[in-house]
Amino acid sequence: MRQHTIRKAVSVQGVGLHSGKVSRVSFAPASPDSGVVFRVKATGERIPATVESVVNSHYATTLGMNGTRIQTVEHLMAAAAGLGLDNLDIEVDGPEIPALDGSAKPFVTLLASAGRVQQSEQRKALTIPCPLRVGSGGRWIQITPSDTFRISYTLDNEHPAIGTQMLSWTPTERSFVEEFAPARTYGFLKDLGLMRKNGLARGGSLDNAIVLGNRGALNGLRYRDEFVRHKMLDLVGDLALLGRPIRAHVIVRNGGHALNIELVLAVQRAVGLERRAALEVAAAAEDARRREGFVTAPDLVTI
């Protein structure tokens, strides 16, 4: 499968969920193998959408470089991944990606309106060499090798509107757009005062989040299990920081952004170790051939 970008530039403006400040985000086509790159309008700083750029994963995923920050990138990243967009140039005029309605749906609609262009380079899927696990107790993520990408998620919460929600999903573009992109972020009314005191949720409202009172949601649900669907949406956005689609089964119990980022780092380490081991084996084999009088033809590497 080949890489894709958008056909034309598009933009959107809105209030950040945590900062409460207005930001404008503009999307433009990008060249093959460039990945998703954020550009901060105020400083010109370019921040690649990779796990190395993550500077905070508390309540949201924040990217940064040289003191410049872009907060709450996960819904936008999920939209790009769900639509199969590999390369994007994203200019951000403000401190945070707008919350819009609290889901990835507005970003999906916007990017779909920009059209999609197939590019010359092949998309390179990522496979993991062995099972990995992060977290402990009642909060953990496990990832195992698989021929396809699948997420199995269990969310436990004592709130009567949530309880225990379980869902397993093999993502397709259609199922992402229809069944997961509209799932909104959520928060608890009892926590709002403390969060705002700590500089969070200052732009939160009934228009961009599910707000949970003592007995239920104050503004209704789009799905009976919208909470676990949103958790899965966040996971898709954070996994997109790998820069490549992944073939694996991801099994989660009560995850969150911090655990998601820990998983991405574990995957990178495992894949890096496997690649280094393969190169060491190749080098050893080449040395053995040379000792036996065989020489590999120039510009060829044997692995």
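Points to keep in mind about this one:
- All positions within the range 257-283 that are modelled with pLDDT of 85 or more and open to solvent by 40 Å² or more (accessible area, probe 1.4 Å): Ala258, Glu262, Leu265, Gln268, Arg269
- Pick from the range 157-170, criterion surrounded by 14 or more Cβ atoms within 10 Å (Cβ to Cβ) and outside any loop (DSSP other than H, G, I, E, B), ranking: farthest from the chain's Cα centre (by Cα): Asn157
- Take the conditions (1) more than 23 Å from Gln71 (Cα to Cα); (2) open to solvent by 50 Å² or more (accessible area, probe 1.4 Å); Ala125 misses just one of them, which is (2).
- Unmet criterion (only one of (1) open to solvent by 20 Å² or more (accessible area, probe 1.4 Å); (2) under 15 Å from the mean Cα position of the chain (by Cα)) for Met232: (1)
- The residue that is farthest from Lys124 (Cα to Cα), among those in the range 29-52 that are open to solvent by less than 30 Å² (accessible area, probe 1.4 Å) and in contact (Cβ under 8 Å) with a residue 40 or more places away in the chain, is Val40.
- Filtered residues of the range 89-109 (kept if open to solvent by 30 Å² or more (accessible area, probe 1.4 Å) and among the aliphatic types (A, V, I, L, M)): Leu100
- Take the conditions (1) open to solvent by 20 Å² or more (accessible area, probe 1.4 Å); (2) closer than 30 Å to Val211 by Cβ; Ala78 misses just one of them, which is (1).
- Test: Gly199 is at pLDDT below 95 and either of a type outside the set (D, E, K, R) or more than 24 Å from Ser57 (Cβ to Cβ) (or both): yes
- Criterion violated by Glu286 - all others in (1) exposed (fewer than 14 other Cβ atoms within 10 Å of the Cβ); (2) at pLDDT below 90 satisfied: (1)
- Summed over the range 219-260, residues that are among the charged types (D, E, K, R) and in a strand (DSSP E or B) total 2.
- Subset of the range 128-156 [touching a strand residue (DSSP E or B) at 6+ places or on another chain (Cβ under 7 Å) and open to solvent by 70 Å² or more (accessible area, probe 1.4 Å)]: Pro131, Arg133, Arg139, Asp147, Thr148, Arg150
- Restricting Asn219, Asn208, Asn260 to those that are farther than 21 Å from Gly82 by Cα and among the polar types (S, T, N, Q) reduces the list to Asn219.
- Within the range 104-123, not a single residue is on the phi < 0 side of the Ramachandran plot, in contact with an Asp or Glu (Cβ under 7 Å, 6 or more places away or on another chain), in contact (Cβ under 8 Å) with a residue 40 or more places away in the chain and of a type outside the set (D, E, K, R).
- Restricting the first member to the range 55-73 and to residues that are in contact (Cβ under 8 Å) with a residue 24 or more places away in the chain, and the second to residues that are open to solvent by 70 Å² or more (accessible area, probe 1.4 Å) and part of a loop (DSSP other than H, G, I, E, B), the beta-carbon pairs closer than 6 Å and six or more apart or on different chains are Thr68/Thr43.
- Boolean, Leu85 is out of contact with any Ser or Thr (no Cβ under 9 Å at 6 or more places or on another chain), buried (at least 17 other Cβ atoms within 10 Å of the Cβ) and either hydrophobic (A, V, I, L, M, F, W, C) or more than 25 Å from Thr185 (Cβ to Cβ) (or both): no
- The range 181-218 - residue that is in a loop (DSSP other than H, G, I, E, B) and of a type in the set (Ser, Thr, Tyr) and, of those, least open to solvent (accessible area, probe 1.4 Å): Thr185
- Tally, over the range 92-139, of residues that are more than 19 Å from the chain's Cα centre (by Cα) and of a type in the set (Ser, Thr, Tyr): 3
- The residue list Gly216, Gly237, Gly243 contains one member that is of a type outside the set (Asp, Glu) and under 19 Å from Thr172 (Cβ atoms), which is Gly237.
The values are calculated or read from the model by the stated rules, or taken from the named source; none is laboratory data. Worth saying up front: this structure is predicted, and the values here are computed from it rather than measured. Please note: Cβ atoms are built from the backbone with ideal geometry, for glycine as well, and neighbour counts cover all protein chains shown. When the accessible area is computed, the model is the full protein with side chains, heavy atoms only, and any ligands, DNA or RNA have been set aside. Shrake-Rupley method; radii C 1.70, N 1.55, O 1.52, S 1.80 Å.
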